[in-house]
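Enquirer: This structure is in structure tokens; I'll ask about it shortly.
The values are calculated or read from the model by the stated rules, or taken from the named source; none is laboratory data. What you see is a predicted model, and the numbers here were worked out from it, not measured in a lab. Counting neighbours? That spans all protein chains shown, and the Cβs are built from the backbone with ideal geometry, glycine included.
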Amino acid sequence: MAIKTDEIPFVIGQKVTATIRGEVFSVCIRGWLKGQYVITDLPRVGGDVYRVAPQTGVQIHFIKDGLFVNFKSSASYALAQAISLLVIEYPRTSDMHNLRKFERFRSNIPVTFFYEEGDKKFEDSGVIRDISSGGALISHRKLVGKQNLLYITAELPAGGSFKLQKVGVKNLRKNPKSGSSPYVTGVKWNDLLPESEEGLSKFISQRSREKREGRR
């Protein structure tokens, strides 16, 4: 789904893909000023900086929180001394598309869960980082397998709760920066219980209202 906005969701230090004269590089965003410029690392080939002349075309794309962003611009100037930075013009237009089927809402909800393998029961706790009508994202301490079905329990801030709600593991990744919750798991609702469905509906309605009112 195409997104209409005049502001690009940059984050300092985020990695983006830059295409310059047909060459593809991975660089980081170092700064920006809306309507004026975007600063990235100056690409390198081997140990040498990549020479970029003013007005050279630059195409940037990246994915952030399920949003695909793509735009074209041109280089203003490059700094190759001391620190290596590339300054490009802030794009007049950009293409943004939501890759997710369901809108996600950020959260910070404590959760416990367990899964079973044969006659063994494995338990863990963590935090639900975001929720949608299709599933949730959980950060936690112990690794789970993609074949596992989890049973989660959590109290929702808008009222309602998940009590032994069954979810299927859809994707797994590791966050090495977190010592307490190094695993991040995306789950999909599986046969929503009536209580879970009611609580989820209240939560999404509340967050949607807050978003419209500009409180989140």
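Enquirer: Give region 1-32 a look and list any residue that's at pLDDT 90 or above, in a strand (DSSP E or B), under 18 Å from the mean Cα position of the chain (by Cα) and hydrophobic (A, V, I, L, M, F, W, C), or say none.
Expert: Hits for region 1-32 are Val16, Val27, Cys28, Ile29.
Enquirer: Here is a list of conditions, (1) in contact with a Gly (Cβ under 7 Å, 6 or more places away or on another chain); (2) within 27 Å of Leu67 (Cβ to Cβ), and Leu192 meets all of them except one; can you say which number that is?
Expert: Looking at each condition in turn, Leu192 falls short on (1).
Enquirer: Of the residues Lys163, Lys174, which single one is more than 24 Å from Ile204 (Cα to Cα), out of contact with any Gly (no Cβ under 7 Å at 6 or more places or on another chain) and not aromatic (Phe, Trp, Tyr)?
Expert: Only one candidate passes the filter, namely Lys174.
Enquirer: In the list Gly118, Gly145, which residue meets the criterion of being at pLDDT below 90, among the small types (Gly, Ala, Ser), farther than 30 Å from Gly31 by Cα and in contact with a Leu (Cβ under 9 Å, 6 or more places away or on another chain)?
Expert: Gly145
Enquirer: Still on this structure: Looking at region 108-131 only, could you name the residues that are of a type outside the set (Lys, Arg) and either farther than 17 Å from Phe162 by Cα or in contact (Cβ under 8 Å) with a residue 60 or more places away in the chain (or both)?
Expert: Listed by number, the residues that qualify are Glu116, Glu117, Gly118, Asp119, Phe122, Ile131.
Enquirer: Contact list please: Cβ distance under 8 Å, first residue in region 21-32 and in contact (Cβ under 8 Å) with a residue 24 or more places away in the chain and β-branched (Val, Ile, Thr), second residue assigned to a loop (DSSP other than H, G, I, E, B) and crowded, with 17+ Cβ neighbours inside 10 Å, pairs at least six apart or on different chains.
Expert: Once the first residue is in contact (Cβ under 8 Å) with a residue 24 or more places away in the chain and β-branched (Val, Ile, Thr) and sits in region 21-32, its partners that are assigned to a loop (DSSP other than H, G, I, E, B) and crowded, with 17+ Cβ neighbours inside 10 Å give Val27/Leu42; Val27/Pro43.
Enquirer: Just checking, how many residues over region 49-80 are more than 17 Å from Arg30 (Cβ to Cβ), in a strand (DSSP E or B), among the polar types (S, T, N, Q) and without any contact (Cβ under 8 Å) to a residue 40 or more places away in the chain?
Expert: 2
Enquirer: Residues in region 33-55 that are modelled with pLDDT of 90 or more and surrounded by fewer than 16 Cβ atoms within 10 Å (Cβ to Cβ): how many?
Expert: 9
Enquirer: If Glu198 passes every condition in (1) of a type in the set (D, E, K, R); (2) closer than 20 Å to Phe102 by Cα; (3) assigned to a strand (DSSP E or B) but one, which one does it miss?
Expert: So the condition that Glu198 fails would be (3).
Enquirer: Can you tell me which residue within region 70-111, out of those that are modelled with pLDDT of 90 or more and under 30 Å from His140 (Cβ atoms), is surrounded by the fewest Cβ atoms within 10 Å (Cβ to Cβ)?
Expert: Asn108
Enquirer: Condition check: without any contact (Cβ under 8 Å) to a residue 60 or more places away in the chain and loosely packed, with under 13 Cβ neighbours inside 10 Å. Does Ser205 satisfy that?
Expert: yes
Enquirer: Related question: I'd like to check something: does region 20-28 contain any residue that is surrounded by fewer than 15 Cβ atoms within 10 Å (Cβ to Cβ) and among the aromatic types (Phe, Trp, Tyr)?
Expert: no
Enquirer: Further, regarding this structure: Which of the residues belonging to region 155-180 are in contact (Cβ under 8 Å) with a residue 24 or more places away in the chain and not in a strand (DSSP E or B)?
Expert: Leu156, Pro157, Ala158, Gly159, Gly160, Asn175, Ser178, Ser180
Enquirer: Return a yes/no flag: does region 172-189 have any residue that is touching a helix residue (DSSP H, G or I) at 6+ places or on another chain (Cβ under 6 Å) and either closer than 14 Å to Pro110 by Cβ or surrounded by 19 or more Cβ atoms within 10 Å (Cβ to Cβ) (or both).
Expert: Among the residues of region 172-189, not one is touching a helix residue (DSSP H, G or I) at 6+ places or on another chain (Cβ under 6 Å) and either closer than 14 Å to Pro110 by Cβ or surrounded by 19 or more Cβ atoms within 10 Å (Cβ to Cβ) (or both), which makes the answer no.
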